[in-house]
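Visitor: Below is a structure I'd like to ask you about.
The values are calculated or read from the model by the stated rules, or taken from the named source; none is laboratory data. Since this is a predicted model, take the numbers as computed values, not measurements. Note that we place each Cβ from the backbone using ideal geometry, even for glycine, and neighbour counts take in every protein chain shown. Accessible surface areas use protein heavy atoms only, side chains included; no ligands, DNA or RNA. Shrake-Rupley method; radii C 1.70, N 1.55, O 1.52, S 1.80 Å.
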Amino acid sequence: FLNAFFLLLIVRTALDIRSKKRPPAFWTPKSAWFGVAPRRVGLNVWFHVSLDVLWLLNGVVFVILLFATGQWMRIVPTNWDVFPNAISVAIQYASLNWPTDNPWVAYNALQVLAYFTTVFIAAPLAILTGIRLSNAWPLDAPRLNRVLPERPIRWLHNATLWFFVAFTVVHVLLIAFTGILRILNMMFAANDSSSWIGLIICVLGLDVIMAL
């Protein structure tokens, strides 16, 4: 829930920033960030960065638990067979002939690659490029800014935005088509059943997100 909550609001504020509309108000920090002189920012940017920090903290907890419990083996490819197997699974999805699998025990090859890319590639890339674009980045460092120019970094940051949007859309559609009650129970109720508990918790969570 926390991941969905932060990610949806991050995307919402990112699209607001991309619209280039004048923010309703501005904020200027009273102290320097990492030695960088305070600079005025729009409230939409401030809110976006604040959500980023909370999402990052949530992600750190997730990754720590992932490795502390051995669950990393569920989403980290351990042999090259994952690639031809992922192609096979993609063909089955495209033909609407859903692959026979049990995500409560293990993900299929395409899910492994998708989750690995999201957790260990897209998320760190979004964070690192976001730091370059944030107000904490020094403007009076010409050599550093030549090595890391803003325009390609901004393009990469926006590309990760659309990756998360596409991932979420595909993810939700596949949940809806491949057994919504069972999968939502796994995600929100931590059990492998087809009860309505997971769906009820999910709907309540979405109500909270939409209200905020």
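Visitor: Can you tell which of LEU51, LEU57 is over 16 Å from LEU133 (Cα atoms), at pLDDT 90 or above and not polar (S, T, N, Q)?
Guide: LEU57
Visitor: Can you find, within the range 106-162, the residue that is surrounded by the most Cβ atoms within 10 Å (Cβ to Cβ) among those that are assigned to a loop (DSSP other than H, G, I, E, B) and among the aliphatic types (A, V, I, L, M)?
Guide: Within the range 106-162, the match that is surrounded by the most Cβ atoms within 10 Å (Cβ to Cβ) is ALA136.
Rundown of residues vs (1) more than 20 Å from ALA176 (Cα to Cα); (2) in contact with a helix residue (DSSP H, G or I) (Cβ under 9 Å, 6 or more places away or on another chain); (3) among the basic types (Lys, Arg), yes/no style:
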{"site": "PHE67", "(1), (2), (3)": "yes, no, no"}
{"site": "ILE75", "(1), (2), (3)": "yes, yes, no"}
{"site": "TRP80", "(1), (2), (3)": "yes, no, no"}
{"site": "PHE83", "(1), (2), (3)": "yes, yes, no"}
{"site": "SER88", "(1), (2), (3)": "yes, yes, no"}
{"site": "TYR93", "(1), (2), (3)": "no, yes, no"}
{"site": "PRO99", "(1), (2), (3)": "no, yes, no"}
{"site": "PRO103", "(1), (2), (3)": "no, yes, no"}
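Visitor: Separate question: Please work out which one of (1) farther than 30 Å from HIS48 by Cβ; (2) assigned to a loop (DSSP other than H, G, I, E, B) is the condition GLN92 fails and give its number.
Guide: (2)
Visitor: PHE47 - would you say it is closer than 30 Å to PRO99 by Cα and either in a loop (DSSP other than H, G, I, E, B) or of a type in the set (A, V, I, L, M, F, W, C) (or both)? First the steps, then the outcome.
Guide: Numbers: closer than 30 Å to PRO99 by Cα: no; either in a loop (DSSP other than H, G, I, E, B) or of a type in the set (A, V, I, L, M, F, W, C) (or both): yes.
Taking the combined requirement at face value, the residue does not satisfy it.
Visitor: Across the range 5-51, what is the number of residues that are open to solvent by 40 Å² or more (accessible area, probe 1.4 Å) and under 15 Å from PHE164 (Cα atoms)?
Guide: 3
Visitor: Any residue in the range 173-183 that is in contact (Cβ under 8 Å) with a residue 40 or more places away in the chain, of a type in the set (Phe, Trp, Tyr) and assigned to a helix (DSSP H, G or I)?
Guide: Yes: the range 173-183 contains one or more residues that are in contact (Cβ under 8 Å) with a residue 40 or more places away in the chain, of a type in the set (Phe, Trp, Tyr) and assigned to a helix (DSSP H, G or I).
Visitor: Quick test for you: out of LEU51, LEU8, pick the one residue that is touching a residue at least 24 places away in the same chain (Cβ under 8 Å) and either within 21 Å of LEU184 (Cβ to Cβ) or in contact with a strand residue (DSSP E or B) (Cβ under 9 Å, 6 or more places away or on another chain) (or both). Don't jump to the end; show me each part of the working.
Guide: Numbers: LEU51 fails: either within 21 Å of LEU184 (Cβ to Cβ) or in contact with a strand residue (DSSP E or B) (Cβ under 9 Å, 6 or more places away or on another chain) (or both).
After ruling out the rest, the residue left standing is LEU8.
Visitor: Give the range 54-68 a look and list any residue that's open to solvent by 90 Å² or more (accessible area, probe 1.4 Å) and over 18 Å from ILE10 (Cβ atoms), or say none.
Guide: Step one: filter the range 54-68 for residues open to solvent by 90 Å² or more (accessible area, probe 1.4 Å), giving 57, 62, 64-65, 67.
Correct list: ILE64, LEU65, PHE67.
Visitor: Just a yes or no: is a residue in the range 77-87 surrounded by 15 or more Cβ atoms within 10 Å (Cβ to Cβ), part of a helix (DSSP H, G or I) and out of contact with any Leu (no Cβ under 6 Å at 6 or more places or on another chain)?
Guide: Looking for residues that are surrounded by 15 or more Cβ atoms within 10 Å (Cβ to Cβ), part of a helix (DSSP H, G or I) and out of contact with any Leu (no Cβ under 6 Å at 6 or more places or on another chain), one finds at least one in the range 77-87, hence yes.
Visitor: Pull out all pairs, ordered by first then second residue, where Cβ-Cβ is under 6 Å, the residues are six or more apart or on different chains, the first lies in the range 124-135 and is without any contact (Cβ under 8 Å) to a residue 40 or more places away in the chain, and the second is open to solvent by 20 Å² or more (accessible area, probe 1.4 Å) and of a type in the set (Asp, Glu).
Guide: Close Cβ pairs (under 6 Å, with a partner that is open to solvent by 20 Å² or more (accessible area, probe 1.4 Å) and of a type in the set (Asp, Glu)) do not exist here.
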